[in-house]
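Chemist: Would you mind keeping the following structure in view while I ask a few things?
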Amino acid sequence: MRMKKKLALLLAVVMLLSISLACAPKVPDSQKETGTEDSKQGSTPDKGKDTLVVLSAGAFAGGWDPTSHSILANKHLEHVLYTKILYPTDSGELVPGLCYEWETHDDGSATMKIREGVTFHDGSVCDAEDVKYTIENYSEKSKPSASNFREQLKCDIIDPYTVKVYPSSGEPFAEMMALLAGTPVFSSERTSEQYTNEGPMGTGPYKFVKFENECVYLEAYDGYWDTEKAPSIKYVEYKYVPDAATRLAALQSGEAHIIERIEIEHIDLIEKDANCKYVEVVSGECQMLICKWPREIMKNDNLRLALAYALDREGAVDAILGGHASVAKGFVAPSFVAYADAKGLPTYNPEKAKEKLAEAGYPNGEGLPPITFTTSVGMYAKTKECGEYFVQNWKDVGINVTFNPVETATWEELLYSDEERAGEIVHTGWSPSMPDAGVPINAHYANRGRCNFVEDPELTALIQKQSRVTDPEERLKVWSEEVYPYLASKCYNIPLWVSHHLYGYSANIEGFVLDSLSFCNFNEISFK
Amino acid sequence: MFGTIVKRILQGILVLVLVVIITFVVLRLIPGDPARQMASDGSAQAVEEIRAEMGLDKPIYVQLFEYIPKLLTGQLGWSYFQKAPVFDVIVNTAPFTYALLFSAMILGVIMGLIFGIIAAVKAHTWVDRTLSAIAVVFQSMPTYWVATMLILIVSVQWGLLPAVGYKSPKYLILPAFVVSIPIFTAVLRNVRQNVMDGLSQEFSRAARARGISHITILFKYAFRNSLIPFITQIGGQVGVSLGTCVLIESVFSLPGMGMQILNAVLRRDYNLVQGLILILAATFVLINAIIDISYSYLDPRIRKAQGGL
Amino acid sequence: MNTTITATQNDDVLLEVKNLRTYFKLPRNKLVKAVDDISFTLHKGKVLGIIGESGSGKSVTSRSILRIVEEPGYIAGGEILFKGVDCLKLSEKAMNALRGKEISLIFQDPTTSFNPYMTMGQHLEEAYRVHKAASKDTIRKRSLDVLKMVGINDGENVLPKYPCEFSAGFRQRIFIAMAMIFNPDLLIADEPTTSLGITIQAEIIEALNDVKRASGTSIIIITHDFGVVSQFSDDIFVMYAGHCVEFSPKRDLLLSPMHPYTVGLIRSVPLLEARKTRRLKSIPGFPPDMTALPDGCPFAERCEYAKDVCFKERPELLDVGNGRFCACHYPLKQYRTSDETVLEV
Ligand SMILES: Nc1ncnc2c1ncn2[C@@H]1O[C@H](COP(=O)(O)OP(=O)(O)OP(=O)(O)O)[C@@H](O)[C@H]1O
Ligand code: SF4
Ligand SMILES: [Mg+2]
């Protein structure tokens, strides 16, 4: 009897232990302890190592079809898996990608020459067929990838390596080429099921191996067309690590080589650590305050201007963001095609704000209906602190604003909502992967602005006008003399600042360059 | 006896049904839109189309009536974000969470037991006071902070253990230790108190008066009598620990259900949240049912009252 | 202090307690002298009753004899001679060999003195096995025997059951049986009936009587109820605030108590007859604060005979002849209990 009981107890313990051991997830041998495992590379150089470990701050979405999402982590990945039609530079130019030569025509179409000898990771040849398929699918209105395309693009094959692209409406628009820069070329033969089951496939320097345990495994592609920029590191592990402190710890312990999005407070730690470095890049992301037009009160031009004049943006950048942002002088990031400083953009001036408030019909804020200001917590750096700062700014001139910080998904819904519950003001950032001023300005202000729902026929006409001007210089003139000053005089959205990308990386790697759109070419990185 | 088990199972099912319905409705009522998450800057039209594809354009009760029959046939639906069946996501991620949970439970319970008994035996001496102080310190430290400190010390400073991801069971050590801390402190205090109570019970004194050794009294009398409160507490700890796992997985980037659920909630990936919560709740219900049923084996009084076995 | 109750026939002496002192250390340097300098003798085959109010130190005395006083208590001095050997000098192991084998202790509350997770059979078996290896059958037979001794004839049905399945009175009988498993020379019953109903009390006393008759064990019976001691003790020992205030053969004590406290106790006995004729008189006031006992007589505060000297000097336990001892400056030489309270002997 007693014996039995003891046996039962023993069995129970053994079972529990074996369950937990059995539960210990199995990892295929191939993947075990490769590369940077057995860490503390901080002190031991990575020479001879063949795996680059990159930590993503955002989660990867499955499915892998490039047209099915607009998720940043996946876009980062696509940057090395695919070759894009063109590439934008941070000085606002377009440089060759898969297309090495192009010519725009007055009717809004463009002829593009495509590189020969480019192969997909499965060995098939990439030609005009694939480019046509890519362009037409990527810009199809119902696809998430098309969000920045003003309209569906069409493509005619002229010969196996030449295509002609044109807007489906036949109406020319100037930012078409910028939209193509940033479009990854994918195979016309790959089905949605293949994307789901086998993962993404392109012509980029790295090919997709697998996605497992929140980590994407990449391997250098032997057949990469740009032999000068063939990858020097054989494998890449692109791992999702949500916690910023953990990402930093992994960098410091040598477990990771590149980490996305370090926090401002962590910069000090990195500077003190000889094995770690960080890079700060002015991004393409312009943060702003959306004024919701459907709210009657926000239709009052003077009130919006009062709100804008009251904001001490320099103060917020210095005090809260530690200088890690550039106060906006225009309505998009300076790296964009067709950027210019906006003449007449309100700057911090409480007196002027009070004046405008009086002109708006609310001297010293008397009789002002309630205003709600919504911001996200966790989306951009220190939004909550900045929000509180602004609320104080407004209060100083007599505008009482209710502050409403919310979690990101809620915020995102409110951002795109014209309903009452969205309130009057919403803080957001905007960073399309196609860096042409026409893209965000069109989305935000033409017809019915995407977030503010503004309806201003005069402005819509101006935006249409610039997009018809195909000559870059003339176009820029329209922007700087007509569109931007008009925007500044209205302040339908109030620009705040252009954020900075802060990435950490190991001192053991070289060739790490981050662009304003937070893309990075892993193939140009090597171990020291 | 059989009746009790059936009753427990029915109760468990009821709880799970409630969990499913509440999660289903609450998820759809809180602000946030999964379609918007997939196409964040997409046009209203694109978002509407995605929503229709997800079936979210219908009224909630219609969605629920479509969901429940599917659930009953074992279909958990499709994850919007992962673009994979929820079932597959669970199968891929559950092992990490269960491994973490069980190893943490075992670690915490064993440590708690050993030190709890030592503290009880050495009650009111410096040993006891030190142990209690350690427990209080551990308990008052936020788990997130402990995790971060451990990573800094063990991974960054000493380079002993890896901090992020999962490649081998060694990656479980730090997170399991962190999750085990609340279990350890709770078990320690519980065992200490109950064993002390047990030792001061009349039957322990009576046993001493019969010449029975200290060690026998400690285990066969005092500890045996604290088993039920102890096991009850473990049942409660499962819930707490599952919560800690969810939090800690993200810190260590352990690709388990916890990391999934946080993302799924952020992304409003309804089906995935629903599936994961169902599994977590089922785990909790199941363990507690087992514990409840085990009472009747452990306690003759309950056993006799139920008139079986 | 110099007077000890010495045995008249030394060879007959089973237990001799000399100047026993058991103290409890309390926080903030307080000391409770729960048993302070008590002495008594128990002869073979005799029954000694210890009586006193709650908190007077009766249980501590019994635990001191077995040396199972718990922290923060400790035995501060004295001698406990069991069969001529000083228990206080024995090793813990040797002491353990006595516990339950030669000296058994019966507890007050039978509902808490059994381990709820062990059957009665396991209890008895364990009580046996600690002292002696034996086959299951031997133990079983012995178990059934001792159960019979307390009037339980269907022992087979009792052994496989758990404590929770029996009434309190029945459990107490089983406990007594368990205490008798080795036929100990000394049985200490610490208020064995206090937690039980009136009718059950009688049964338990009966069971103790049976046990005594069957085995010739010496018994110390602790109680605060004269009804219990009067029935079968030979000598009575009255305790107050850790001190012995009176020691006397039962009959003498009941008929002519000498210590005012004893008188008070007798007057408060809830006898049926007493209730008919006059109101019960409980002793006024409360027992003293054990952490701060007065210098004088500890009973002085409540004593109707107290004079000045009682508050200044502590009365010593003095031999007053006829085997009687009393600690009082003004012992009552002439006091006689009324007829009603004289109990059948
Ligand atoms: N564990 C302990 N800690 C501190 N003091 C104690 C302890 N046990 C007993 N005492 C002290 O010893 C005194 C005597 O206690 P004891 O239990 O012997 O009284 P008693 O005469 O048996 O009373 P009762 O009739 O209530 O059983 C108590 O007044 C108490 O002050
Ligand atoms: S000594 Fe004095 S106070 Fe104490 S009992 Fe005797 S008469 Fe009373
Ligand atoms: Mg007592």
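The numbers here are math on the coordinates, done by the rules we state, and not lab data. Owing to the predicted nature of the structure, the values given are computational and were not obtained by experimental measurement. No Cβ is skipped: glycine too gets one built from the backbone with ideal geometry, and neighbour counts run over all protein chains shown.
Chemist: Find how many whole Å separate the alpha carbon centroid of region A:259-303 from the alpha carbon centroid of region A:140-216.
Modeler: Here the answer is 29 Å between Cα centres.
Chemist: Separate question: Rounded, prolate or oblate: which one fits region A:387-528, using the alpha carbon gyration tensor with axes a ≥ b ≥ c (rounded when a/c is under 1.5, else prolate when a/b beats b/c, else oblate)?
Modeler: Values: a/c = 2.19, a/b = 1.23, b/c = 1.78.
Taking the square roots of the gyration eigenvalues as a ≥ b ≥ c, region A:387-528 is oblate.
Chemist: Same structure, new question: Of the listed peptides A:54-62, A:146-154, B:151-159, B:268-276, what is their order by residue-averaged count of other C-beta atoms within 10 Å, with the highest listed first? Before the final figure, lay out each step's value.
Modeler: Details: A:54-62: 23.1, A:146-154: 20.9, B:151-159: 18.7, B:268-276: 26.6.
Top to bottom by mean Cβ count within 10 Å: B:268-276, A:54-62, A:146-154, B:151-159.
Chemist: Placing unit charges on C-beta atoms (Lys and Arg positive, Asp and Glu negative, everything else neutral), compute the dipole magnitude of chain A about its Cα centre in debye, rounded to 20.
Modeler: Details: 51 positive and 78 negative charges, 373 e Å.
Rounded to the nearest 20 debye, it is 1780 debye.
Chemist: Give the cross-link partners of residue A:113 among the aspartates and glutamates, using a straight C-alpha distance below 15 Å as the criterion and excluding same-chain residues fewer than 8 apart.
Modeler: A:101, A:103, A:127, A:129, A:130, A:156, A:159
Chemist: Could I ask something else about it? Just for the protein assembly as shown, what percent of DSSP beta bridges are antiparallel, to the closest 5?
Modeler: On the way: 91 of 129 bridges.
Among the beta bridges of the protein assembly as shown, antiparallel pairing accounts for roughly 70 percent.
Chemist: Sticking with this structure for a sec: Once you charge only the Cβ atoms, +1 for Lys and Arg and -1 for Asp and Glu, what is the size of the charge dipole of chain C about its Cα centre, to the nearest 20 debye?
Modeler: Values: 43 positive and 43 negative charges, 54 e Å.
I would put it at about 260 debye.
Chemist: Could you tell me the distance between the Cα centroids of region C:71-137 and region B:224-255, to the nearest Å?
Modeler: Each part reduced to its Cα centre gives a spacing of 41 Å.
Chemist: Hey, another quick one. Using the number of other C-beta atoms within 10 angstrom as an exposure proxy, rank C:23, C:305, A:445 with the fewest first. Numbers along the way, then the final one.
Modeler: Details: C:23 20, C:305 16, A:445 25.
Starting with the residue having the fewest Cβ neighbours, the order is C:305, C:23, A:445.
Chemist: Let me ask you something else. Towards the positive end of the charge dipole of chain C, with charges on Cβ (+1 Lys, Arg; -1 Asp, Glu), say which of C:236, C:117, C:166 has the farthest Cα.
Modeler: Farthest towards the positive pole: C:117.
Chemist: With the dipole of region C:13-240 worked out from charges on the C-beta (+1 for Lys and Arg, -1 for Asp and Glu) around the Cα centre, which of C:186, C:131, C:207 lies farthest toward the positive end?
Modeler: Comparing the listed Cα positions along the dipole, C:131 ranks first.
Chemist: Pick from C:81, C:66, C:90 the residue whose mean-square fluctuation is largest in a GNM of chain C, springs joining Cα atoms under 10 Å.
Modeler: C:90
Chemist: Pick from C:249, C:184, C:284: which residue has the top mean-square fluctuation in a GNM of chain C where Cα pairs under 10 Å get a spring?
Modeler: The residue with the greatest mean-square fluctuation here is C:284.
Chemist: In whole Hz and in residue order, list the ³J(HN,Hα) couplings for region C:322-327 that follow from phi through the Karplus curve 6.51 cos²θ - 1.76 cosθ + 1.60, θ = phi - 60°; x for Gly and Pro.
Modeler: Couplings: 6, x, 10, 10, 8, 10 Hz.
Chemist: What are the extents of the Cα atoms of region A:34-188 along their three principal axes, in Å, largest first?
Modeler: Here the spans come out as 60, 33, 31 Å, largest first.
Chemist: With θ set to phi - 60° and the Karplus curve 6.51 cos²θ - 1.76 cosθ + 1.60, what are the ³J(HN,Hα) couplings of region B:275-287 in order, to the nearest whole Hz, using x for Gly and Pro?
Modeler: x, 5, 5, 4, 5, 5, 5, 4, 4, 4, 4, 5, 4
Chemist: Summarise the partner chain shielding of B:245-253 as one whole number: the mean count of Cβ atoms from other chains within 10 Å of each residue's Cβ. Can you show the working numbers first?
Modeler: On the way: counts 0, 0, 1, 1, 2, 5, 6, 5, 13.
That average works out to 4.
Chemist: Further question on the same structure: Assuming a ≥ b ≥ c are the square roots of the Cα gyration tensor eigenvalues, decide whether chain B counts as rounded (a/c under 1.5), prolate (otherwise, with a/b larger than b/c) or oblate. The partial results should precede the final answer.
Modeler: Numbers: a/c = 3.28, a/b = 1.63, b/c = 2.01.
In terms of gyration-tensor shape, oblate.
Chemist: If you find the alpha carbon centre of region B:115-168 and of region A:429-447, how far apart are they in angstrom?
Modeler: 51 Å
Chemist: Ignore the peptide's own chain and count Cβ atoms of other chains within 10 Å of each Cβ in A:54-66; give me the average, rounded. Don't skip to the end; give the middle numbers.
Modeler: Working: counts 0, 3, 1, 0, 1, 9, 3, 10, 8, 7, 1, 1, 0.
Going residue by residue through A:54-66 and averaging, the value is 3.
Chemist: Let me ask something else about it. For residue A:49, go through the aspartates and glutamates and keep the ones whose alpha-carbon is under 17 Å away, minus same-chain ones fewer than eight residues off.
Modeler: Filter leaves A:33, A:37, A:38, A:219, A:237, A:255, A:510, A:524.
Chemist: From other protein chains only, count the Cβ atoms within 10 Å of every residue's Cβ in B:95-102, then give the mean. The partial results should precede the final answer.
Modeler: On the way: counts 5, 5, 2, 6, 7, 4, 2, 8.
The mean count of partner-chain Cβ atoms within 10 Å per residue comes to 5.
Chemist: Taking amide H positions as placed in the peptide plane 1.01 Å from N, state which residues far from residue C:50 in sequence (5 or more) or on other chains have amide H under 5 Å from it.
Modeler: C:221, C:222, C:223, C:237
Chemist: So, one more: Going down the table (A:272/A:329; A:352/A:395; C:25/C:307; B:220/C:33; C:44/C:132), which pairs top 23 Å between alpha carbons? Can you show the working numbers first?
Modeler: Numbers: A:272/A:329 33 Å; A:352/A:395 14 Å; C:25/C:307 32 Å; B:220/C:33 33 Å; C:44/C:132 25 Å.
Beyond 23 Å between Cα atoms: A:272/A:329; C:25/C:307; B:220/C:33; C:44/C:132.
Chemist: Please label the shape of chain A as rounded, prolate or oblate, based on the square roots a ≥ b ≥ c of the eigenvalues of the alpha-carbon gyration tensor (a/c under 1.5 means rounded; beyond that, a/b larger than b/c means prolate, else oblate). Don't skip to the end; give the middle numbers.
Modeler: Working: a/c = 1.95, a/b = 1.26, b/c = 1.54.
Here chain A falls in the oblate category.
Chemist: Here's another thing I want to ask about it. Within region A:288-383, list the GluC sites (Glu not before Pro) lying in a DSSP loop whose Cβ has at most 11 other Cβ atoms in a 10 Å radius.
Modeler: Details: sites: A:296, A:314, A:351, A:355, A:359, A:366; in loops: A:366.
The qualifying sites are A:366.
Chemist: With a 10 Å cut-off between alpha carbons and a GNM built on chain B, which of B:184, B:223, B:65 moves the most?
Modeler: Answer for the Gaussian network model of chain B: B:65.
Chemist: Which of the trypsin sites (Lys or Arg not before Pro) across region C:8-98 are loop residues per DSSP, with 10 or fewer other Cβ within 10 Å?
Modeler: Sparse-neighbourhood loop trypsin sites (Lys or Arg not before Pro): C:28.
Chemist: What residue among C:256, B:298, A:322 has its Cα farthest toward the positive end of the dipole of the protein assembly as shown, where the charges are +1 on Lys, Arg and -1 on Asp, Glu, each on the Cβ?
Modeler: C:256
Chemist: Report the charge-dipole magnitude of the protein assembly as shown in Debye, nearest 20, computed about the Cα centre from +1 at each Lys and Arg Cβ and -1 at each Asp and Glu Cβ. It would help to have the intermediate numbers written out before the result.
Modeler: Working: 118 positive and 136 negative charges, 1546 e Å.
The dipole magnitude comes to about 7420 debye.
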